[in-house]
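Right, one structure below, let's go through it.
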Amino acid sequence: MAFDLTEEQDAIRAGVADLCKGFDGEYWRQLDRDQAYPEAFVSALTEGGWLGALVPEEYGGGGLTLADGSLILEEINHQGCNAGACHAQMYTMGTVLKHGSAAQKDRYLPAIASGALRLQAFGVTEPDAGSNTLALRTRADRQADGTWLVNGQKIWTSRFAHSDLMLLLARTGTPGEGQKRWWGLSTFLVDLREAGATIEARPIRTMMNHATVELFINDLVLPADALVGEEGLGFRYILDGMNAERILIAAECVGDGRWFVEKASAYATQREVFGRPIGANQGVQFPIARAHAAVEAADLMRRKAAALFDAGQPCGPEANMAKLLASEASWQAANACLDTHGGFGFAEEYDVERKFRETRLYMTAPVNNNLILAYLGQNVLDMPRSY
Ligand SMILES: Cc1cc2nc3c(=O)[nH]c(=O)nc-3n(C[C@H](O)[C@H](O)[C@H](O)COP(=O)(O)OP(=O)(O)OC[C@H]3O[C@@H](n4cnc5c(N)ncnc54)[C@H](O)[C@@H]3O)c2cc1C
């Protein structure tokens with residue numbers, strides 16, 4: 001197993017790091033105060049071709065592997081920026097790529113690759129269903145003319161206001177006898193530019209700046225060709241995309257973790273109290289060292305998961321473990337960093353409290369770590385099911 005980064009991977013890291021230098025702490029702090037979208041940052045990433053990295057070259061994208069593409073998001077967070085504003089532009093298109101028709105791919109993928117169209121909204125979660133996706137109630141009913149009539153409610157639809165397209169999961173049928181219990185949900189590609197007043201979005205203010213909304217969908221009409229893949233198989237398609245998403249989120253957490261560890265080590269070395277650097281005290285030094293070990297271990301699992309994914313092999317357990325371990329490691333590093341900074345950790349100007357709030361999300365979303373543990377316990381270790 002090779003552990004060193006290739007020259008190309010080093011170049012990806014260096015290119016992203018260079019771009020991020022133009023977006024310093026004050027840029028993110030101001031956005032955080034206003035809960036505003038990092039439009040300039042996302043535009044710069046788009047123009048640099050970074051967000052189309054996973055789109056195959058035949059559609060005008062970068063054609064990178066997941067292992068290489070994940071370095072982009074890792075480096076964004078490692079530099080103190082926040083990939084959460086745009087990560088979905090990299091991977092949501094995977095559902096269209098894998099399950100869409102030739103016409104859908106030709107129409108959308110080149111525009112997604114260039115950034116002319118943003119597909120970075122993903123409407124799965126509903127207020128009453130929560131983690132139990134199969135309980136979702138948004139309905140799409142086929143009409144006599146072949147169009148679909150959609151009604152329902154979604155919550156936590158992030159980047160909705162900054163997207164042209166949204167991938168929507170809705171119920172189109174109920175499983176009959178002998179059918180799998182996940183049958184009956186379907187995936188749609190919604191052109192938000194044509195939705196008008198049939199989708200009402202209400203912003204949700206969150207503890208970090210995340211551009212997320214609640215959606216009320218009333219008589220939205222979708223053309224017949226908005227359906228992605230086969231009717232009733234949408235849940236399988238969403239699950240298919242989840243391994244890539246988990247690996248990319250794990251990479252972001254590794255980036256966050258490294259930012260916290262570096263920031264904490266530097267401060268612990270420079271800050272003197274009682275006439276010596278605080279980092280000479282093991283009560284300060286060891287939590288940082290322990291967090292470093294956790295981040296590096298999580299990175300190995302993320303790299304294994306990405307290697308399996310790129311080789312086309314099953315990687316569900318590894319992708320889930322990578323997300324679990326990396327989100328816990330970045331949170332451990334966040335706490336060590338905050339503690340190391342003492343009172344200054346709470347001061348906005350150090351960026352620690354902002355990154356602390358940002359990285360905490362990944363224990364909860366895009367999937368709660370409890371649900372990952374349940375998957376490992378039930379599906380990998382064959383223990384009794386809780387649901
Ligand atoms: C900022 C933010 C952005 C998001 N962006 C998106 C997005 O763009 N698109 C989208 O579709 N969704 C999005 N989500 C939703 C996110 O995926 C869910 O919040 C997450 O999956 C958890 O679901 P829930 O909030 O409904 O919690 P619930 O399902 O209500 O769970 C509450 C708690 O109970 C626990 N729990 C529930 N069932 C079990 C069980 N069987 N065993 C053990 N524990 C259990 C959970 O782990 C959790 O701790 C976002 C969420 C947030 C906060």
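One table, with the values for the structure above:
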{"quantity": "Fewest-first ranking of 114, 186, 330, using other Cβ atoms within 10 Å as the exposure measure", "calculated": "114, 186, 330"}
{"quantity": "Relative contact order %, the chain, counting alpha carbon pairs below 8 Å whose residues are six or more apart", "calculated": "15"}
{"quantity": "Placed amide H near residue 220: partners under 5 Å, 5+ positions off or other chain", "calculated": "150"}
{"quantity": "Of 263/323; 21/263; 154/263; 98/154, those spanning more than 26 Å from alpha-carbon to alpha-carbon", "calculated": "154/263"}
{"quantity": "Cα-based Kirkwood hydrodynamic radius, segment 120-236, one decimal, Å", "calculated": "14.4"}
{"quantity": "Sequence-distant residues sharing a close amide H with residue 123 (under 5 Å, placed H)", "calculated": "167, 168, 169"}
{"quantity": "Label point distance in nm, residue 379-residue 272, each placed 7 Å from Cα along Cα→Cβ", "calculated": "5.5"}
{"quantity": "Among 82, 104, 71 - extreme Cα towards positive end, dipole of segment 7-114, charges at beta-carbon", "calculated": "104"}
{"quantity": "Per-residue HN-Hα couplings for segment 363-369 [Karplus 6.51, -1.76, 1.60; θ = phi - 60°; Hz; x = Gly/Pro]", "calculated": "6, 9, 10, x, 9, 5, 4"}
{"quantity": "Euclidean distance between Cα centres, segment 308-387 to segment 168-190, Å", "calculated": "29"}
{"quantity": "Charge context of residue 290, other residues only, Cβ under 13 angstrom, K/R +1, D/E -1", "calculated": "-3"}
{"quantity": "Full-extension gain in nm, residue 7 to residue 311, via 0.36 nm per residue minus C-alpha separation", "calculated": "107.4 nm"}
{"quantity": "Proxy reagent accessibility, fewest Cβ within 10 Å first, across 81, 315, 337, 20", "calculated": "20, 315, 81, 337"}
{"quantity": "Taking 55, 254, 352 and counting other C-beta atoms within 10 Å, the order from fewest to most", "calculated": "352, 55, 254"}
{"quantity": "Length gained when the stretch residue 29-residue 58 is fully extended (0.36 nm per residue, less Cα-Cα span)", "calculated": "6.6 nm"}
{"quantity": "Check: segment 119-233 dipole with +1 on Lys, Arg Cβ and -1 on Asp, Glu Cβ, in debye", "calculated": "420"}
{"quantity": "Label-zone membership for segment 118-140, site residue 368, 7 angstrom Cα→C-beta point, backbone N under 11 Å", "calculated": "130-132"}
{"quantity": "Computed [θ] at 222 nm, deg cm²/dmol, the chain (DSSP H ≥ 4; -39,500 (n - 2.57); rounded to nearest 500)", "calculated": "-15000 deg cm²/dmol"}
{"quantity": "Magnitude of the charge dipole, the chain, Cβ model with Lys/Arg +1 and Asp/Glu -1, debye to 20", "calculated": "1000"}
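Values in this text are rule-based calculations from the coordinates and carry no lab data. In this text the structure is predicted, and so the values were computed from the model without any measurement. Note that we place each Cβ from the backbone using ideal geometry, even for glycine, and neighbour counts take in every protein chain shown.
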